Amino acid sequence: MKKKSIITRVLTVIALGLLLSATIVAAKTSVGAAYTPDMSNGADNFYKSNKVTMKKVEFKNQYNMKVAGNLFIPKGLKKNTKNPAIIVGHPMGAVKEQSSNLYAQKMAERGFVTLSLDLSFWGESEGQPRNAVSPDIYAEDFSAAVDFLGTRSFVDRDRIGVLGICGSGSFAISAAKIDPRMKAIATVSMYDMGAANRNGLKHSLTLEQRKKILEEAAEQRYVEFTGGETKYTSGTVHELNENSTAIEREFYDFYRTPRGEFTPKGSSPELTTHPTLTSNVKFMNFYPFEDIETISPRPMLFITGEDAHSREFSEDAYKLAGEQKELYIVPGAGHVDLYDRVNLIPFDKLESFFKENLKKK
């Protein structure tokens, strides 16, 4: 009887545990189902164009790492002619399937050969550990993309431009400073990933807070060096509550809902957008706007939303850049709005900028 009683109690505990787990799952499902992403202004991250052809491509960067990309070619393009091309970089922590493919297709529809790429350590590109931060290698990936495009028979290597979205804006600038083959540089909703990590938005991060971040990352190196679990940081929150900030909600609406959520093969929803803690501090030594004026006279276009929390970075870059330069403010647009809201994204402006500055000379 005593043995039977113990077994009964164990089964009861298991049953209660299963019931509790089911309740939690149901509650989370209910909350998720109740949340409706904002699809206004033509949000269309997963847009598929019937006016272009897409081919998956791979090429090596200077460190012999495989970089993966999607090559988009306008249908009817004359392959026996030399055409202008644009490299499109994705937001920091994202992959080419988020914003980058959309921009690449829309620009291909307007006559350009375009290439969206996964930065090293992200998406389908190589690099270990996954989600690692390396600004120099990110910039190198843009130069490797120029290597690839400039050796295609149908691309004019003297007419290659770059377009960086969010964090890729700062990586594209970093690359362009030392790679004159990039003839025209545009950024959209740019984040200076160096300044954002050193100072926070609007210089809200104190030196003491910065030092605490550095100390935590440094101590974590011991943990991982001795075989401990990898720790991740920043990125997009996985749940919203009454205390969630406007910026957290803005990113959540894109990265954690069907509007823009994408989990690359080999990753998991828990890890998407999150860089490793120990590598993220590499951004503290990243100064993409230093010597930005040396890119001149190559033209630069900085596009930002009127209401974007990241607007300060485009304004800072514009002030420091040499001529030719232009700051283009999109009325009523926030930061993430320019990831996928096709009714707000100024594709006409991008087309005129690249057509003018990548034309035959």
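Take the Cα of Ala218, step 7 Å toward its Cβ, do the same at Lys202, and the gap between the two points is 3.1 nm. Springs join every pair of Cα atoms under 10 Å in this Gaussian network model of the chain, and among Lys202, Lys96, Lys265 the largest mean-square fluctuation is at Lys265.
Under a model in which nothing but the beta-carbon of Lys, Arg (+1) and Asp, Glu (-1) is charged, the chain shows a dipole of about 1380 debye around its Cα centre. How far is the Cα center of the stretch 168-192 from the Cα center of the stretch 316-336, in Å? Taking the Cα centre of each part, the stretch 168-192 and the stretch 316-336 sit 13 Å apart.
By accessible area, using a 1.4 Å probe on protein heavy atoms only, the stretch 97-168 has 42% of its surface on carbon and sulfur. Enter the angle in degrees (range 0 to 90, nearest 10) between the Cα long axis of helix 168-178 and the first principal axis of the Cα atoms of the chain, meaning the one along which they spread out most. Orientation of helix 168-178: about 40 degrees from the principal axis. Computed packing ranks the peptides 181-188, 227-234 as 181-188, 227-234, most packed first, by mean other Cβ atoms within 10 Å.
Checking a compactness column here: for the chain, what do you get for Rg(Cα) / (2.2 N^0.38 Å), N being the number of residues? Please report the intermediate quantities before stating the final value.
Numbers: Rg = 22.6 Å, N = 361, 2.2 N^0.38 = 20.6 Å.
It is 1.10.
Counting charges near Ser40 (Lys, Arg +1; Asp, Glu -1) among other residues having Cβ under 15 Å from its Cβ returns a value of -4.
Over the stretch 170-252, with every protein chain in place, what whole percent of the accessible area is carbon and sulfur at 1.4 Å, could you tell me?
Working: 2530 of 4810 Å².
C and S fraction of accessible area: 53 percent.
Over the chain, what is the mean sequence separation of C-alpha contacts under 8 Å (at least six apart), divided by residue count, expressed as relative contact order in percent?
Working: 688 pairs, mean separation 66.1, N = 361.
So the answer I get is 18 percent.
Between Pro258, Ser296, Gln324, the Cα set farthest toward the positive side of the dipole of the stretch 246-349 (charges on each charged residue's Cβ, about the Cα centre) is that of Pro258. Helix 2-34 and the long axis of the chain differ in direction by around 30°, with both axes built from C-alpha atoms.
Comparing Arg256, Arg221, Arg341, which has the greatest mean-square fluctuation in the GNM of the chain with Cα pairs linked when under 10 Å apart? Judging by the Gaussian network model, the answer is Arg221. Peptides 242-251, 347-356, ordered by how many other C-beta atoms sit within 10 Å of their residues on average, highest first, read 347-356, 242-251.
Against the main long axis of the alpha-carbon atoms of the chain, helix 311-320 sits at an angle near 30°.
Just checking the listed ones, Asn83, Asn70, Asn41: in the Gaussian network model of the chain with Cα springs under 10 Å, the one fluctuating most is Asn41. Considering only Tyr138, Ser244, Gly200, and ranking their Cα positions along the charge dipole of the chain that arises from unit charges at the beta-carbon of Lys, Arg, Asp and Glu, the one farthest toward the positive end is Tyr138.
The values are calculated or read from the model by the stated rules, or taken from the named source; none is laboratory data. Please read all numbers here as calculations on a predicted model, not as lab measurements. All Cβ positions, even for glycine, are placed from backbone atoms using ideal geometry, and neighbour counts span all protein chains on display. When the accessible area is computed, the model is the full protein with side chains, heavy atoms only, and any ligands, DNA or RNA have been set aside. Shrake-Rupley method; radii C 1.70, N 1.55, O 1.52, S 1.80 Å.
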